[in-house]
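Undergrad: Pasting a structure here, questions to come.
The values are calculated or read from the model by the stated rules, or taken from the named source; none is laboratory data. Given the structure is predicted, the values throughout are model-derived calculations rather than measurements. For neighbour counting, all protein chains shown are included, and Cβ atoms are generated from backbone atoms with ideal geometry for every residue, glycine included. Protein only, heavy atoms only, side chains kept; ligands, DNA and RNA dropped before computing areas. Shrake-Rupley method; radii C 1.70, N 1.55, O 1.52, S 1.80 Å.
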Amino acid sequence: MTETLAPAPATSPARLSRLADDDLALLLLIRHFELELLRLYGAGELNGTTHTCLGQEYVPVALRPLLGPGDFVFSNHRGHGHYLARFGDAHGLLAEIMGREGAVCGGVGGSQHLHRDRYLSTGVQGESLPVAAGVALHLRRTEPGTLACVHIGDGTWGEGAVYEALNLAALWDLPLLVVVENNGIAQSTPTGAQLAGTIAGRAAAFGIGHHLVVSADVNEIRPALEPLVAGVRSGRPLVVEFRTHRLGPHSKGDDTRPPEAVRAAREHDWYDRYAHDHPDHFHPLDARARALVEGVVAEVSARPPSRWSPCA
Ligand SMILES: Cc1ncc(C[n+]2csc(CCOP(=O)(O)OP(=O)(O)O)c2C)c(N)n1
Ligand SMILES: [Mg+2]
């Protein structure tokens with residue numbers, strides 16, 4: 001576990017290790033799902049809004065086998081990867097976003113508001129953390145050994161509710177895992193312009209452990225997290241901060257970053273790096289994921305509109 005107030009070391013992307021087929025397949029499914037969504041929006045096929053997790057796909061992929069069906073996952077506005085890593089259900093998610101039959105929430109939740117079993121997402125910054133803390137308390141009392149995992153961004157540390165939840169998590173030894181996807185920006189505001197001190201320092205103020213992840217290599221991240229997640233299960237709340245990179249716009253076509261910042265994000269992108277480091281593994285699985293997502297789009301687009309009833 002790393003508890004440090006020092007900034008993360010500047011990283012130049014290292015060679016990625018060879019992934020298991022199922023991890024690479026999931027990374028690629030999420031990547032092509034998100035790219036297809038942007039294409040569909042651009043073509044006027046979708047309503048509402050969406051925020052893609054392009055560049056950040058490895059976060060839920062690394063966590064996937066560390067979380068069990070008894071654990072709760074609380075996701076945020078950038079949550080498609082979280083959902084796909086949990087359920088692998090690209091059809092249901094796309095149907096939800098397109099408002100077609102078979103939608104996860106009858107098409108009324110859309111991209112940001114999903115509920116399925118022990119998975120809940122919200123587009124309201126900071127809303128999920130107090131709820132996750134409450135669920136963690138319930139789990140500690142009724143199903144010891146399970147946990148609540150909540151994904152938030154760096155910008156969400158501007159919400160006071162985050163600190164109320166951390167306070168109670170520390171006081172009550174809650175099995176709460178806070179996963180911070182620090183992509184260095186909140187919509188259009190660079191983290192350095194809105195967050196004083198560090199996330200590590202803020203966790204330390206509550207006596208909560210903090211672990212920093214600077215790698216995008218699932219094979220490195222996962223074993224480092226495994227014992228820490230076990231600690232959360234026995235009542236040691238933890239903040240895991242991923243230093244990550246938002247590859248795409250905040251939402252759709254609203255990228256305010258200077259070109260060099262976008263270029264820097266691209267340099268860290270696991271997708272190009274893995275294609276370079278392991279072309280024999282990458283290309284066949286990439287082609288398969290593209291075809292799979294194209295099939296999902298064709299099939300879901302042809303479905304009739306979803307119908308939702310409050311009594312269903
Ligand atoms: C309470 C609240 N305020 C403002 C917004 C509008 N909003 C949506 S995403 C976002 C930025 C979030 O930044 P961050 O937490 O860093 O997540 P990222 O988008 O970078 O993944 C904002 C301000 C919101 N959804 N909820
Ligand atoms: Mg951010």
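Undergrad: Can you send over the carbon and sulfur percentage of the accessible area for the chain, probe radius 1.4 Å, protein chains only?
TA: Roughly 56 percent, rounded to a whole number.
Undergrad: Could you calculate the FRET efficiency of Val108 with Asp280 from 1/(1 + (r/R0)^6), where r is the beta carbon distance between them and R0 is 45 Å, rounded to 0.05?
TA: Efficiency, rounded to the nearest 0.05: 0.55.
Undergrad: Can you give me the C-alpha center-to-center distance between segment 179-211 and segment 110-139, rounded to a whole angstrom?
TA: Each part reduced to its Cα centre gives a spacing of 20 Å.
Undergrad: Taking only protein heavy atoms into account and a 1.4 Å probe, give the accessible area per residue of segment 21-293 in Å².
TA: Accessible area per residue: 38 Å².
Undergrad: Give me the one-decimal nm value for the distance between modelled label points at Arg290 and Glu143, 7 Å along each residue's Cα-to-Cβ direction.
TA: Reported label-point gap for Arg290 and Glu143 is 4.0 nm.
Undergrad: Roll a 1.4 Å probe over the protein heavy atoms and report the accessible area of Glu101 in Å², nearest 10.
TA: 90
Undergrad: Most mobile of Ala62, Ala287, Ala136 per a Gaussian network model of the chain (Cα springs, under 10 Å)?
TA: Ala287
Undergrad: Please list 84-90, 223-229 highest first by mean number of surrounding beta-carbon atoms within 10 Å per residue.
TA: 84-90, 223-229
Undergrad: If I take all pairs of Cα atoms in segment 21-293, what percentage of them are more than 36 Å from each other?
TA: For segment 21-293, the share of Cα pairs beyond 36 Å comes to 10 percent.
Undergrad: State the Cα centre-to-centre distance between segment 248-276 and segment 74-104 in whole Å.
TA: Centre-to-centre (Cα) distance: 23 Å.
Undergrad: Once you list every other residue whose beta carbon is under 13 Å from the beta carbon of Arg86, what net charge do they have if Lys and Arg are +1 and Asp and Glu are -1?
TA: Within the 13 Å Cβ shell, the charges total 0.
Undergrad: Also, quick follow-up: Give me the distance in nm between label points sitting 7 Å out from Cα along the Cα-to-Cβ direction at Glu45 and Glu220, one decimal.
TA: About 3.7 nm separates the two model spin labels.
Undergrad: If a paramagnetic tag sat 7 Å from the Cα of Ala264 along the Cα-Cβ line, which residues of segment 149-192 would have the backbone N under 14 Å from that point?
TA: 183-186, 189-192
Undergrad: Moving to a separate point now. Go ahead and run the numbers for FRET between Ser301 and Arg18, Cβ-Cβ distance against an R0 of 35 Å, rounding to 0.05.
TA: It comes out at approximately 0.50.
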